[in-house]
Amino acid sequence: MKDRIEELLNEIESFTASSKEHVEEFRIKLLSKKGKVKELFEEFKNVAPEMRKEVGQKLNELQNKAQDKINHLKETFEDLTDSKEANIDLTLPAEKITVGSRHPLSIVRNQIVEIFSRIGFTVSDGPEIEDDWHNFTALNTPADHPARDMQDTFYISENPDIVLRTQTSSVQVHIMEGSQPPIRTISPGRVYRNEAISARAHCQFHQVEGLYIDKKVSFADLKQTLLYFSKEMFGEETKIRLRPSYFPFTEISAEMDISCPFCKGDGCNICKGAGWVEILGCGMVDPAVLENCKIDSKQYSGFAFGMGIERIAMLKYQVKDLRLFSENDIRFLKQFKSVI
Ligand code: DAH
């Protein structure tokens, strides 16, 4: 009997449990009514009287050790299940990850760039703080020219020569001064005008300028390029219409309408019943502008156009208030999804 007690003591000593249930199994095996320790207590009756004291002490020791070990293991597992880590519910859905989205004006700008780059236009850039020459004079708009009144200018210092550019047409001048034809480029960027802020006007907005200079560039090339752009931007069924207009840097000049993308030309409240909406200004680059930029106007001709990115975005997304684009209201911004 002493050997069996010894054996059980060793077993208790070396026992390790992998779970609460495992501990419970061990308890049943030793301490339940039919457990091994109980069994030994039963047999204790048969122990010779002279051995009783010794065996009895051993048996008590066994019972205590078994109980202590089981209590200790139980506590360990209870600690674990109480701890925060153990309470993590792995079946819960993960917290939603919010991904930022591109600004609608960036989406539209990227789309414009993408459409023109497919037909060989590069992208160019110029400064937002500009001198009078690039913003006005080289573009055929000298100081006393009435067309200056078309664009209320911000002067950023006492020096009337330094302005915030009022149009991305200024980039045309930089490009032509810095390179010789063929030139085929678009220039997206921010422009500034001293205008009261309202749903339809802002003191800062964005334009894309287009310029194409080469030998024998004609008005037909301009028309075809803009028709291609309009169909790509607003859909295959889009029609264009050119109306005579005036810009100092183009001769001849035109404004271009597209068939209303909402009513397809039938007339609706977006196009105010006209069936057409204006989207850009354009024309053949005035030979005087070519000469101002050291390009031989006898050899070369070209076309230019300029459009407002906000205007295109408002039409594409039916945005009715220009101010939304610069207020950074996340509820507005998160509605726009882009692939580019
Ligand atoms: N710069 C003009 C504006 O801001 C837009 C424009 C019209 C650009 C005709 C052009 C053009 O290049 O040919 O109103």
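Restricted to helices (runs of 4 or more DSSP H) entirely inside segment 252-340, those with at least 3 residues that are within 16 Å of the ligand (Cβ to nearest atom) and in contact (Cβ under 8 Å) with a residue 60 or more places away in the chain are 287-292, 309-317. Taken as a whole, the structure places Ser101 among residues that are over 26 Å from Pro181 (Cα atoms), in contact with a Lys or Arg (Cβ under 6 Å, 6 or more places away or on another chain) and modelled with pLDDT under 95.
Taking the stated definitions as given, is Arg193 closer than 26 Å to Leu333 by Cα, within 16 Å of the ligand (Cβ to nearest atom) and buried (at least 17 other Cβ atoms within 10 Å of the Cβ)? Write out each step before concluding.
Numbers: closer than 26 Å to Leu333 by Cα: yes; within 16 Å of the ligand (Cβ to nearest atom): yes; buried (at least 17 other Cβ atoms within 10 Å of the Cβ): yes.
Considered against the rule, which asks whether it is closer than 26 Å to Leu333 by Cα, within 16 Å of the ligand (Cβ to nearest atom) and buried (at least 17 other Cβ atoms within 10 Å of the Cβ), Arg193 comes out as yes.
The set of residues in segment 170-188 being in a strand (DSSP E or B) and either of a type in the set (Ser, Thr, Tyr) or in contact with a Pro (Cβ under 9 Å, 6 or more places away or on another chain) (or both) consists of Thr185, Ser187.
The values are calculated or read from the model by the stated rules, or taken from the named source; none is laboratory data. Computed from a predicted structure; not experimentally measured. Glycine gets a Cβ as well: all are built from the backbone with ideal geometry, and neighbour counts include every protein chain shown.
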